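This report concerns only the one structure given below.
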Amino acid sequence: MSIEDGASGTLINGVRQPLKFVKVSVDGDSQTETFALKPDAEPEPVDTEEVAADTGTWLDERRAYLEDAPPVLPSWLRKAGEFADAARWTASYYAHVSAFHAVRAPVYLMRLLVRFPRGAGRYFVRWVKWVVDSEARPVEAKAAATADIEAWLTLSREHSRRVRPRRIASLAVATVTGISALVAGFLAPGWTLAAAVAGAALIGLNGNKGDKPVVTRYLSVHLQRPLESGELIEALEAMGIKGDIKFVAPIQVDGPGWLAEMDLPRNVLAEKLLDKRKELAGAMRRPLQCVWPSVGTEHPSRANLWVAKKDPRTIKRVWPLTNRGQADMYGEFPFGVTPRGELVPLALIGTNMLIGGVMGSGKTSAVVVIALAGALDPTCEMWMFELKGSGDAESVQPVCHRYVQGDDDEHCEAALEGMYALEKEMKRRKKVVSELPIEDVPNGRKVSRKLANKYPNLRLHPILAIFDEVHTLFEHPVYGKEAAAVAGRLIRKARAYGIILVLTTQKPDADAIPKMVSDNAIVRFCLAITGHIANDLILGTGMYKRGIRANIFEPAEGDDPKDSGTGWLTRSATNARIARSYFIPQADAREIGKRALAMRTAAGTLTGEAAGEEVKPVDHSTIVDHLHTVWPDGAETVHSHRLVDALAAYLPELYGAWLETEKPAAEMSPDEVRDARTAASTALSAALKQHKIPTRQITIRDCCGGAKGVRYADLPDPRDNAEDDL
Ligand SMILES: Nc1ncnc2c1ncn2[C@@H]1O[C@H](COP(=O)(O)OP(=O)(O)OP(=O)(O)O)[C@@H](O)[C@H]1O
């Protein structure tokens, strides 16, 4: 056995520490055991200067600088529109301030005149003190007290030398002023009175008691004090985040607020600030709606904090289409604003949307914005199923192709019926689009505005179907299951054919929203919710982990809207932003509804209930349902040609064509009859193939021997197969 010493090392505080190890070799078999012993050598630095200095080339550094560099000129100096806005705003601001103070000028004058006696008294005292040279008195008194006769005599002479001319001047000024005032009082014109009042007011300026201002000042309680690093560090400490907080850049003005970028202490993740937004706002003594933390992109401990200068709740934002303008559902429409006040447009064509949030989170308000945008596109067919029954969407009723309001059984049935009708329309569109020449659909077989305009008779206009509080339908004991199945099919396929589905729920759980629906939603708007499960159900799996968390929002409480209407608006994990939907008061919504009705009347695009048509229930039965209807009781198998005869007799408009021949049956030869039967059987086989129902060679003794036929056991239950229709 031999023992060798060696040196290895480990990193401690960035410095490699050599360690001793002992190599033990037993009878030639090399067994190595390593023991970490105390470092006994000088630390060897591992951060070499070369590595530390290598932050890229000069060009890389300049490029990085330029990426983050602020613009040379502020945007209002570069953009004419912004400049005009700023100039207009500044002019209106000063006009307001001037008018405000002009109206109060008499009050200010009275205040000054009231202060005149005190002001005049103060001037008089100061004057007397100057005349008698009171400042020198303490020095003279000191000389007298110390019996310093020489100093006292000098000071006394100096005092007399200074005071005499002051007395003479004062007497002269007092005499002239007194006589002038007397003469002016009796003889001079009215303006002297004005001058006297003005003089008195000026003297009144000196008569202020305490710090009461003469002018009325208005201080906006919603304006926030500027954000400072000290305040932030204090707030973070109060939340228990202590340690080294580094500001990556100076706190700067960013839009209508301030932005702080900081590295939190090494043991704190920035997502903590998201979860504790309310605590943070409390610690900063600022309204919750002003405080917007986010996770930075550099590393998980990089936090960005944007603080609004003004409480957003006090900023009235009017939906841009409130008074004029049309929307285009094939394009974008204004939906909301970011906390910074930037416009958030929404494009729904080719997508569908899921909106979720607890009570009072602002779902209905968001839906009203979407519904009114749809209403303002005269080509958009509106289907509104308001299953809350509150009447919040009544403003769009006059333009709706179909409108259902209520949460009773009949409303749920009507909503399910509506889903079937949409599915039927989707199938029609699919068929129509699939038959178009390829030049018309170069980007795939889907509907576009160009296509809709080119072939108006194909009726490929956008359809906006809104199911508000859709959980009412999905949880219905009778219609829920069927509705979930149809909605699952619609949400996957309808968007390609210009049918936009918008679903909202205040119950984001697996029972209330079928998985097929939550998995296939594209645009998602998650308002205030309570936990990570609801968060991911609305926004998609994994979003909570990525820091896209809607539990940071607070729903409305009483009259305080808090974060109501504010949520995460996402199209994917990488396309997520916080947005507050516009809030359109009911009165405005009604006016917009009237305008939409007028526009549609002029365009001649009113359809369905809006045009006074009756809603006919959709026949959503399939060939499987029809076979169940005509199937002879107790028969295990039936020949195909018999089934076709039965189907044609039952629904001639659907199946009659399968029996059409060139000659009437009576004039056909036996071969021709056989061929006609074969053709009918083939048509049935093809139709059943879509439902995965086989036709096979079947021998039925009491009926024309062997021929193609169907087994009853192969027929699925009615409605289990609706998806295969498409
Ligand atoms: N975008 C918004 N901006 C400002 N306030 C809003 C906004 N959205 C909603 N609110 C306020 O919040 C209140 C509740 O909103 P809303 O009725 O839309 O919520 P909800 O989620 O539909 O509630 P519920 O589930 O109870 O029907 C509104 O009455 C309004 O005062």
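Miscellaneous remarks
- For region 670-726, taking the residues that are of a type in the set (Asp, Glu) and part of a helix (DSSP H, G or I), the one that is modelled with the highest pLDDT is identified as 714.
- Condition met for residue 291 (away from the ligand (no atom under 16 Å from the Cβ) and touching a Gly at 6+ places or on another chain (Cβ under 7 Å)): no
- Any hit, region 524-533, residues being more than 16 Å from the ligand (Cβ to nearest atom), part of a loop (DSSP other than H, G, I, E, B) and touching a helix residue (DSSP H, G or I) at 6+ places or on another chain (Cβ under 9 Å): yes
- The residue that is farthest from the ligand (Cβ to nearest atom), counting only those in region 573-582 that are in contact (Cβ under 8 Å) with a residue 60 or more places away in the chain and either under 20 Å from residue 552 (Cβ atoms) or more than 14 Å from the chain's Cα centre (by Cα) (or both), is 577.
- If the condition is being of a type in the set (A, V, I, L, M) and in contact with a His (Cβ under 7 Å, 6 or more places away or on another chain), then region 648-693 contributes 651, 680.
- Boolean, residue 197 is in contact with a helix residue (DSSP H, G or I) (Cβ under 9 Å, 6 or more places away or on another chain), surrounded by 13 or more Cβ atoms within 10 Å (Cβ to Cβ), modelled with pLDDT under 90 and not in a helix (DSSP H, G or I): no
- Verdict on residue 357 being in the same structural domain as residue 504 (by TED's automatic domain parsing), within 23 Å of residue 520 (Cα to Cα), more than 15 Å from the ligand (Cβ to nearest atom) and in contact (Cβ under 8 Å) with a residue 40 or more places away in the chain: no
- Residues of region 330-349 satisfying the condition of being outside any loop (DSSP other than H, G, I, E, B), away from the ligand (no atom under 15 Å from the Cβ) and surrounded by fewer than 20 Cβ atoms within 10 Å (Cβ to Cβ): 332, 345, 347
- Filter pass, residue 190 being surrounded by fewer than 14 Cβ atoms within 10 Å (Cβ to Cβ) and outside the structural domain of residue 566 (by TED's automatic domain parsing): yes
- Qualifying residue in region 496-513 (condition: without any contact (Cβ under 8 Å) to a residue 12 or more places away in the chain and more than 16 Å from the ligand (Cβ to nearest atom)): no
- Residue 379, sole failed condition from (1) under 22 Å from residue 393 (Cβ atoms); (2) within 16 Å of the ligand (Cβ to nearest atom); (3) hydroxyl-bearing (Ser, Thr, Tyr): (2)
- Residue in region 613-632 that is free of Cβ contacts under 8 Å to residues at least 60 places away in the same chain, within 16 Å of the ligand (Cβ to nearest atom) and surrounded by fewer than 19 Cβ atoms within 10 Å (Cβ to Cβ) present: no
Each row is one residue, and each column tells you yes or no for (1) surrounded by fewer than 18 Cβ atoms within 10 Å (Cβ to Cβ); (2) modelled with pLDDT of 95 or more; (3) more than 15 Å from the ligand (Cβ to nearest atom); (4) of a type in the set (Asp, Glu).
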{"residue": "351", "(1), (2), (3), (4)": "yes, no, yes, no"}
{"residue": "361", "(1), (2), (3), (4)": "no, no, no, no"}
{"residue": "371", "(1), (2), (3), (4)": "no, yes, no, no"}
{"residue": "375", "(1), (2), (3), (4)": "no, yes, yes, no"}
{"residue": "388", "(1), (2), (3), (4)": "no, no, no, no"}
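The values are calculated or read from the model by the stated rules, or taken from the named source; none is laboratory data. What you see is a predicted model, and the numbers here were worked out from it, not measured in a lab. Cβ coordinates were reconstructed from backbone atoms using ideal geometry, including for glycine residues, and neighbour counts include every protein chain displayed.
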